1. Over 31 Å between Cα atoms: which of Lys6/Lys137; Lys76/Lys146; Lys6/Lys126 fall into that group?
2. Rg/Rh for the chain to two decimals, with Rh computed the Kirkwood way over all alpha-carbon pairs.
3. Using a Förster distance of 22 Å, how high is the FRET efficiency between Ala108 and Lys75, based on the Cβ-Cβ distance and rounded to 0.05?
4. At a Förster distance of 35 Å, what's the computed FRET efficiency of Glu66 paired with Ile150, Cβ-Cβ distance as r, to 0.05?
5. Treating the angle as unsigned and between 0 and 90°, give the value, to the nearest 10°, between the Cα long axis of helix 13-32 and the longest Cα principal axis of the chain.
6. What's log10 of I(q)/I(0) for the stretch 1-50 at q = 0.15, 0.24, 0.25, 0.27 Å⁻¹, Debye sum over Cα points only, no solvent?
7. Computing the accessible area with a 1.4 Å probe over protein heavy atoms, can you report the carbon and sulfur percentage for the chain?
8. When the gyration tensor of the stretch 40-94 is built from Cα positions, what are the square roots of 5 times its three eigenvalues, in whole Å, from largest to smallest?
Amino acid sequence: MSQTPKYRLAEHICHQAYALDRALNRAYQTAFASTGFTYPKYIVLLALDEFGPLTIGALSAHAGVETNTLSPLLKKMAESGIVTRTRSEADERQVVIAMTEFGAAVLANAREAAAEIYAAFGLGEKEAAELAQTLSKLRDAVAEAKPSPIKIPPR
């Protein structure tokens, strides 16, 4: 029977990912401070910019955000004029989200802040793309993992 590795805290990938997530959240919060703009709104605009108008379901898939989380966010974004929400002509049960001109201007400014954050990584464009690909593979692998529940020993 193999022995379970005993990683030090600094060697835990999950801890480093958690710490990186917190650092990125702080950086984006600083960049978007007092504007009402948030990182989730940024992700929505990035998806719409890349893929064009999308149904909420397709937007959810591209952005990696659950539809029940997206719906109130999209409502606020529509109220602020960043996106439009319209019923699909093909299927009235579907709502199509599109970025407005104002949303495109907001995205352009948000991209400038994101570029400063990326610059802090100290990575070239190729290195950043490779890292993003590696992180994506890790995310997919973890999503497929079926870890056993821990067993708490008796006291």
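1. Lys76/Lys146; Lys6/Lys126
2. Values: Rg = 19.5 Å, Rh = 18.4 Å.
That ratio is 1.06, to two decimals.
3. Details: r = 23 Å, r/R0 = 1.06.
Step by step, r from the Cβ atoms, then E = 0.40.
4. Details: r = 26 Å, r/R0 = 0.75.
Step by step, r from the Cβ atoms, then E = 0.85.
5. Value to nearest ten degrees: 30.
6. Once normalised to I(0) and log-transformed, intensities are -0.59, -0.92, -0.95, -1.00.
7. Details: 6650 of 11850 Å².
Looking at the chain in its full context, I get 56 percent from C and S.
8. Details: eigenvalues 49, 34, 26 Å².
Result for the stretch 40-94: semi-axes of 16, 13, 11 Å.
The values are calculated or read from the model by the stated rules, or taken from the named source; none is laboratory data. Because the structure is a prediction, the values reported are computed rather than measured. Neighbour counts run over all protein chains shown; Cβ positions are idealised from the backbone, glycine included. For accessibility, only protein heavy atoms count, side chains too; no ligands or nucleic acids. Shrake-Rupley method; radii C 1.70, N 1.55, O 1.52, S 1.80 Å.
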